[in-house]
Amino acid sequence: MSELHLLSTQQLITGLQDKQFSSAELTEHYIKRIDALDSKINSFITHTSETARAQAQAADEMRAQGDKRPLLGVPMAHKDIFCTQGVLTTCGSKMLHNFISPYDATIVTNIDKAGMISLGKLNMDEFAMGSDNESSYYGAVHNPWNLERVPGGSSGGSAAAVASGFVPVATASDTGGSIRQPASFCGLTGIKPTYGRVSRFGMIAYASSLDQAGSLGRSAMDCAYLLQPMIGHDPRDATSIKHDMPDYVQDLNHAVATAGDSAKPLEGLRIGVAKEYFSKGLDAEVEQAVRAALKQYEALGATIVEVNITDPEITLATYYMLAPAEASSNLSRFDGVRFGYRCENPTDLIDLYTRSRSEGFGPEVQRRILTGTYALSAGYFDAYYTKAQKVRRLIVQDFEDAFVNCDVIASPTAPTAAYKLAEDLDPATMYLGDVYTIGVNLAGLPALSQPVGLTSNGLPIGLQLIGQYWQESKLLSTAHLFQQHTDHHLQHSTIAKETV
Ligand code: GLN
């Protein structure tokens, strides 16, 4: 039983179905690990162990009575950006240190309905702004592969919890890379779906036109399992889109069945590679591992074709204009009156607003509110915001042109592996770490990150696959077929290897 946390979601489902273990035992196993080891990682902000135990017991009873929902009784945890009724929802901020949500996010409801058990709420950069999880009011998260390194961000708690073997899968959100980059830093697979695929209702907004929820797991199949209950049209989110509903797990199994025992299961797949994604600033070891993985893809039958995409530095500038602009508008609701933190003894209304916001928001959030407000202000709006929107349209066009010649586009997920905690990067340097991931959000495309090896000092490296609109199945099955023939995704972090 000591190795339960190293099992895949598929193995957990089979184990529950075959009564090798109960959901109560499984849940206890994870809670024990969290209690023993999370003091080293700091991945959880809130634990819901007691309700999880009760839910697990109920799940076992339902299964005994013939309930066939596959995910019934499988544990997971939520990024603390998703509203959970009756449970603290902080978004990593002091501003929401006492916010008990009165309702559930749609994805929380859907995952509940699938029968999964939530073990709690996971740490993150404050309001999802950051790439290293160091802007959280609840402290930095440590990378389970090397405790002196960052786990990536903003979904650092989600990635670290999965990579530590505290939960098999976790929810996360991605506005500019926050699922893919932590997946890359923690040796996981993570997928950001097409914009509009997953409801944003109850997901605290950072930049509404870019935000999208998705899943993190050790493999593409694990991600497929958790993503399935998350997707679908939601009338409560005006940007959620009605579209055909795929069955991801079935699609992955179908891809494997179709490939049979062919030595070239990816025959016919055209992978676009853009020189713009191998730009200056790319770490040599990261480049080497990504190029080696592309060779493995070729050996499995894929063909590499050259494509062009927008210069990532232009994309980066566009994102860091638009995302803060939207954030400054979204975060204006936190005024010290309606939600969360309120300063002590305000002298008048302006003092109440000013001090509540100055004391409640951390420096990175304040920086973005300031730049965003500036970009939106009269006199500067056209020069900054409108111009960035026009560039955004060109970025979309460049992706559309690239996809004429290929089925997926591959790139490094991030220019480096996980860097040291407390390196105190200046903001502009930290933003540079997002160069390869943000274009996808500006275009609304789906993309995943998968592990493709380790650096010489044992840190995970990720490869990003970008797909055409609505083609999550294509991305997941491409990565799944790769993972059927390679073992990068089966390497475990130091913490995951610890037994308790
Ligand atoms: N690192 C990026 C930022 O700070 C992306 C964050 C995200 O995807 N939530 O904006």
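All of the numbers you see were taken from the coordinates with simple rules; none came from a lab. Remember, it's a predicted structure, so these values are computed and weren't measured experimentally. Here the Cβ positions follow ideal geometry from the backbone for every residue, glycine too, while neighbour counts run over all protein chains shown.
At a Cα cut-off below 13 Å, give the aspartates and glutamates reachable from K264, other chains included and same-chain residues fewer than 8 away excluded. Cross-link targets: E298. Under Stokes-Einstein, with the Kirkwood radius over Cα pairs as Rh, the value for segment 198-276 at 4 °C and 1.567 mPa s is 84 µm²/s.
Pair-distance distribution of segment 265-415: all C-alpha pairs, bin width 5 Å, starting at 0; shares per bin in whole percent are 2, 8, 13, 13, 12, 11, 10, 9, 8, 6, 4, 2, 1, 0.
Just to be sure I understand: of the beta bridges DSSP finds with both ends in segment 5-145, what percent are antiparallel, rounded to 5? Please list the in-between numbers first.
Working: 5 of 9 bridges.
Percent antiparallel among DSSP bridges in segment 5-145 is about 55.
The value of relative contact order for the chain, using C-alpha pairs under 8 Å at least six residues apart, is 18 percent. Taking amide H positions as modeled 1.01 Å from N, with prolines and chain starts lacking one, the residues under 5 Å from V305 and 5 or more places away or on another chain are I271, G272, V273. The distance from the alpha carbon centre of segment 352-387 to that of segment 1-80 is 42 Å, rounded to a whole number.
Distance from the alpha carbon centroid of segment 201-237 to that of segment 170-196 works out to 10 angstrom. For segment 345-350, 3J(HN,Hα) computed residue by residue from phi via the Karplus equation (6.51, -1.76, 1.60; θ = phi - 60°) reads 6, x, 7, 7, 5, 5 Hz, glycine and proline entered as x.
Across segment 53-99 the C-alpha pair distances fall into 10 Å bins from zero in the proportions 23, 34, 26, 15, 2 percent.
With contacts taken as Cα pairs under 8 Å and at least 6 residues apart, segment 215-301 reaches a relative contact order of 23 percent.
Applying the criteria of a DSSP loop state and at most 16 other Cβ atoms within 10 Å to the GluC sites (Glu not before Pro) of segment 394-500 yields E423, E498. Here the label points at Q491 and I304, each 7 Å from Cα along the C-beta direction, are separated by 2.0 nm in the simple model. Checking the Cα-Cα distances for K40/K113; K94/K497; K280/K390; K121/K280; K192/K390 against a 30 Å cut-off, the pairs over it are K40/K113; K94/K497; K121/K280.
Highest mean packing first, where packing is the average number of other Cβ atoms within 10 Å per residue, the peptides 271-280, 480-489 line up as 480-489, 271-280.
Entry note, segment 1-74: relative contact order of 43 percent, from Cα contacts under 8 Å with a spacing of 6+ residues. Gyration tensor analysis over the Cα atoms of segment 69-220 returns equivalent ellipsoid semi-axes of 20, 18, 15 Å (largest first, whole Å).
For segment 1-105, with equal point scatterers placed on the C-alpha atoms only and solvent neglected, what are the log10 I(q)/I(0) values from the Debye formula at q = 0.10, 0.14, 0.16, 0.20 1/Å, to two decimals? For segment 1-105, the Cα-only Debye profile gives -0.33, -0.64, -0.80, -1.09. In segment 359-488, inverting the average of 1/r over every pair of distinct C-alpha atoms gives 17.5 Å as the Kirkwood radius.
I'd like the distance separating the alpha-carbon centroids of segment 238-302 and segment 410-462, in whole Å. Centre-to-centre distance over Cα atoms comes out at 18 Å. For the chain, the dipole from Cβ point charges (+1 on Lys and Arg, -1 on Asp and Glu) about the Cα centre works out to 440 debye, to the nearest 20.
In the chain, the inverse of the mean reciprocal separation of distinct Cα atoms equals 22.5 Å; this is its Kirkwood hydrodynamic radius.
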